[in-house]
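The values are calculated or read from the model by the stated rules, or taken from the named source; none is laboratory data. If you're wondering where the values come from, they're calculated on a predicted model, not measured in any experiment. Here the Cβ is made from the backbone with ideal geometry for all residues, glycine too, and neighbour counts use every protein chain on show. Please note that ligands, DNA and RNA were not included when accessible areas were found on the heavy atoms of the full protein model with its side chains. Shrake-Rupley method; radii C 1.70, N 1.55, O 1.52, S 1.80 Å.
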Amino acid sequence: VGAYYAKKYKKPYVISPRGNLMEPLELKGALEKKFYIRLVEKWALKNASAVHFTVEEEKKQYLSHGLPLKNFIIIPNGIETSEFTGSVEAGLFRKKYSIPAHKKIILFLGRISWKKGLDTLIPAFAEVARQEPEALLVIAGSDDEGYGKNVKFLISNFKLQDKVLFTGMISGNDKIAALKESDVFVLPSYSENFSMAAVEAMYMKLPVVITERVGVASFVREYVAGIVTKKDEKEIAEAILQIL
């Protein structure tokens, strides 16, 4: 609607897809999404003065779908660094959730959603826990569309109930403390146009393990800020163990 009226009144406009036109279009809701893009969004994109991408990878995947592109700009997301500069009590996160000092924390920070790749993370963590008995997986995030029950079913299947901690969504000092006190950040997403959580982890000098479909993968490689893997449980497990 915005594009229609901008065109009607000869106002230039920019579209920022925020990952919605990236892969995997073949996954959840793909058919409806493809029809919508073909019938509605393609016209809006064709007439846009520019399309804004957050990373080069987002642009590549956009073009792979044969979508029109008159002009583009790439501007990454930023973080509010002042949020991370305040003093936080040492050991706050471990104290709050009764995590012993000798436990090695693998942190997943984000929505509990099918898109985030927890179906790969749980079996990968099972292998990590087998080789590193002191490993603890912390899943910090809100449940999205009731997907949490699927994750708990997987955890139960692998008999990991005593090695996984759900905190719910965390923010403020709790989030800062979690990033400070963890040993590895992990995000094995199917698709992610950027990932603010990964950037926050890197800003806090926490090494990350992310899949190649996460938009900031190129930054992780460039600055050796962690390990980029395929969405493969064996690769993810090996990467986590290597960092530990």
Find which of 151, 186, 99 sits farthest along the positive direction of the dipole of the range 92-201, computed with +1 on the beta-carbon of Lys and Arg, -1 on that of Asp and Glu, about the Cα centre.
-> 99
Phi to ³J(HN,Hα) by Karplus 6.51 cos²θ - 1.76 cosθ + 1.60 over the range 139-145, Hz, x for Gly, Pro | 9, 10, x, 7, 6, 10, 6
Amide N of the range 175-189 lying under 18 Å from the label point, which is placed 7 angstrom from the Cα of residue 82 along Cα→Cβ = 176
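Considering only protein heavy atoms, with the full assembly of protein chains and a 1.4 angstrom probe, order 94, 130 by accessible area, largest first. Provide the component values of the computation, followed by the final result.
Numbers: 94 35, 130 165 Å².
These residues rank, largest area first, as 130, 94.
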The long-range amide H neighbours of residue 135, using H built 1.01 Å from N in the peptide plane and a cut-off of under 5 Å, are 104
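Find the accessible area per residue for the range 72-142; the probe is 1.4 Å, ligands and nucleic acids are left out, and the unit is Å². Could you put the intermediate results ahead of the total?
Numbers: 3250 Å² over 71 residues.
The answer is 46 Å² per residue.
Taking only the C-alpha atoms, wrap a convex hull around the range 151-226 and report its volume per residue in Å³ as a whole number.
Values: hull volume 8.4 nm³, N = 76.
With only Cα atoms used, the range 151-226 gives 110 Å³ per residue.
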Name the residues whose placed amide hydrogens come within less than 5 Å of the amide hydrogen of residue 166, ignoring near sequence neighbours (fewer than 5 apart) on the same chain.
-> 139
Among all the lysines, which ones have a C-alpha under 22 Å from residue 149's C-alpha, if same-chain residues fewer than 8 places away are not counted?
-> 28, 115, 116, 159, 163, 231
By how many nm would the segment from residue 159 to residue 145 lengthen if fully extended, with 0.36 nm per residue of separation less the alpha-carbon distance?
-> 2.6 nm
Amide H neighbours of residue 229 under 5 Å, counting only residues 5+ apart in sequence or on other chains, H built in-plane at 1.01 Å?
-> 210, 211, 212
Show 145, 192, 56 ordered by accessible area, largest first, where the area counts protein heavy atoms only and the probe is 1.4 Å.
-> 145, 56, 192
Distance in nm between label sites at residue 40 and residue 90, each 7 Å beyond Cα in the beta-carbon direction?
-> 5.5 nm
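Got a sec? What order do 22, 169, 204, 196 fall in by accessible area at 1.4 Å, biggest, i.e. largest, first? It would help to have the intermediate numbers written out before the result.
Details: 22 5, 169 145, 204 35, 196 65 Å².
Order by accessible area, largest first: 169, 196, 204, 22.
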Considering only protein heavy atoms, what is the solvent-accessible area of residue 164 at a probe of 1.4 Å, reported in Å² to the nearest 10?
-> 20 Å²
Taking N as the residue count of the chain, its alpha carbon Rg divided by 2.2 N^0.38 Å gives 1.11
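Rounded to a whole number, what % of the accessible area of the chain do carbon and sulfur atoms account for, probe 1.4 Å?
Working: 6810 of 12700 Å².
Its accessible area is 54 percent carbon and sulfur atoms.
Beyond 19 Å, what percent of the Cα pairs of the range 62-176 remain? Before the final figure, lay out the partial values.
Details: 3827 of 6555 pairs.
Distances greater than 19 Å cover 58 percent of the Cα pairs.
With charges set only on the Cβ (+1 for Lys and Arg, -1 for Asp and Glu), what does the dipole of the chain come to about its Cα centre, in debye to the nearest 20?
Charge dipole, the chain, about its Cα centre: 1000 debye, nearest 20.
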